[in-house]
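J.: Here it is, the structure, as structure tokens.
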Amino acid sequence: MAKPQGSVLEPLYSSAIILLVIVTACVELCDAVTVVDVYRLVQYDLAGVPFGSRLAALNHHAGSSLFSASATAGAAADLSRTVLILPVRELNLTFIKEYIGQTKPLGGLLLLLPPIFNPLNTDSRGESYSAKDNIKEVLTELDQLLIHANIPYPVYFGFEDDHVNTVLADVKKNDAAGQPATATTGGYKLVVVAREPKKIASPTISNIQGWLPGLKADGDSNQLPTIAVVASYDTFGAAPALSVGSDSSGSGVVALLEIARLFSILYSNPKTRGSYNLLFALTSGGPYNYNGTNKWLRSLDQRVRETIDYSICLNSIGSISNELWIHVSKPPDNVYIKQIFEGFSSVSEEMGIKVGLKHKKINISNPRVAWEHEQFSRQRVTAATLSELSVAPDFLESTGGLSDSRHFVNEASISRSVKLVAESLARHIYGQEGKSIDIFADDSSLSINPSYIRSWLQFLSATPRVAPFLSKNDPLITALKKVYVFFAIYARPLKT
């Protein structure tokens, strides 16, 4: 099967949660075995060039340092038969960069993440804000280092806990004494029994769309203008099984679902149904050049696509920052862009937040798509991206990596973004631009629901969403489709 049009990333390799067996080999042969969960580094090809970890199986003794205590100070140890256990909070990124860049031999690498970055951990106590931010910066840089390297040995991620920390303390003690683990002296051996990774030949691209028809006097809603609200739901990061992307793209998905809920209430009553159709799209392939968005747009009936007045794409809107940006491809003086920006600016001023405008012209000769709205622009559809990011991220950057966890996303910020988008769209739909009205007022039937936002954010923050590992019948896909059904948002069939 051919790759989706515009693809820049070749199929990934299967990478599931694997069990790491730690074997304690005592001199008296009183072995003890412990099993812990670990997660493999991603493996993929880009334009035929291999990236990530190229091996999965592991069977070597544990070590704790890049350097040998028994050699001269600072001398590199022979680690070709050693699995290094390195806590991220103690990581020296400079040494790791040099070691990987020089392709030095290593039996394997186990990186221990603080518990706060475990998607199943909802308790952030025990870590100060500054400590969390510092570790997040390290993880962000580490994520980018690992996914852009070709590493010829197994690399795994695990989480700190009391037992693992006890094992690591023993390994450090032995290394410091110049007594590393061997088959004769004992120590700890790390074993992963894994089959050779297989390439995913034809990854699935599942786009999920819903349709709220507007009200027209003659009953033909197909002749009405359409506004599209779009968010990419999938992720990419160094460890696919940990790529939950709470902010990117979880916050955008949560905001879209709440906006859809609010307008489904308005449109359920003919007296308050607007004269615009509303199209809600959750797209796949966001990290991969927004391939899913491209496929979805090309699959839309041409008559529907031509009715789109404009599209708002939601990307990373969950930070605590009080500043958002509207990114566009058309010049700021374009009449449609001015209309969108002025509508958002009017609402944002009332809310006490700042919204800026960023213009980035599309280079047609460059296949790289930095923002989701650029796929719309290439189809000559007016679109903009709302994001907390002031500049476009690099390829595979800010796509839901190791550091993008629930504890760094602010629910109030998502609610604020929902209010901004929903109010701006409503004033445009009902011809109330420039008027200080509050359609989605607090304590009304149209108020934003913090519990709804919280529940979806928690669900997405515990759900890895790397597209090639999601089937069409994946529980996540099914859950998102059911939301549209529950709110009576119709699934508009795609043209085949």
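J.: Those residues that are touching a helix residue (DSSP H, G or I) at 6+ places or on another chain (Cβ under 8 Å), aliphatic (A, V, I, L, M) and buried (at least 19 other Cβ atoms within 10 Å of the Cβ), I need them from region 280-307; list them, please.
T.: Passing the criteria: Ala281, Leu282, Leu297.
J.: Working only within region 354-385, note down all residues that are of a type in the set (A, V, I, L, M, F, W, C) and touching a strand residue (DSSP E or B) at 6+ places or on another chain (Cβ under 7 Å).
T.: Val355, Leu357, Trp371, Phe376, Val381, Ala383, Ala384
J.: Acidic (Asp, Glu), outside the structural domain of Pro468 (by TED's automatic domain parsing) and under 30 Å from Leu86 (Cβ atoms) - does that describe any residue in region 230-243?
T.: Looking for residues that are acidic (Asp, Glu), outside the structural domain of Pro468 (by TED's automatic domain parsing) and under 30 Å from Leu86 (Cβ atoms), one finds none in region 230-243, hence no.
J.: Let me ask something else. For Val167, work out the one condition from (1) touching a Gly at 6+ places or on another chain (Cβ under 9 Å); (2) touching a residue at least 24 places away in the same chain (Cβ under 8 Å) it doesn't fulfil.
T.: The one condition Val167 does not meet is (1).
J.: Of everything in region 327-367, what is more than 15 Å from His428 (Cα to Cα), surrounded by 13 or more Cβ atoms within 10 Å (Cβ to Cβ) and either of a type in the set (Asp, Glu) or out of contact with any helix residue (DSSP H, G or I) (no Cβ under 6 Å at 6 or more places or on another chain) (or both)? Give them in sequence order.
T.: Correct list: His327, Asn334, Glu350, Met351, Ile353, Lys354, Gly356, Lys358, His359, Lys360.
J.: Shifting gears a bit: Which numbered condition in (1) part of a helix (DSSP H, G or I); (2) within 25 Å of the chain's Cα centre (by Cα); (3) over 16 Å from Ala383 (Cβ atoms); (4) among the aromatic types (Phe, Trp, Tyr) is the only one that Trp296 fails?
T.: The single condition Trp296 does not satisfy is (3).
J.: Mind checking which pairs have a first residue in region 308-334 that is within 25 Å of Thr399 (Cβ to Cβ) and modelled with pLDDT of 95 or more and a second that is part of a loop (DSSP other than H, G, I, E, B) and of a type in the set (Phe, Trp, Tyr), Cβ under 6 Å, 6 or more apart or different chains?
T.: Short answer, once both residue conditions are applied: His327/Trp371.
J.: I'm trying to understand the selection: among the residues of region 155-166, which are at pLDDT below 95 and surrounded by 19 or more Cβ atoms within 10 Å (Cβ to Cβ)?
T.: Val164
The values are calculated or read from the model by the stated rules, or taken from the named source; none is laboratory data. This one's a predicted model, so the numbers in the text were calculated from it and none came from an experiment. Every residue, glycine among them, receives a Cβ derived from its backbone with ideal geometry; neighbour counts consider all protein chains shown.
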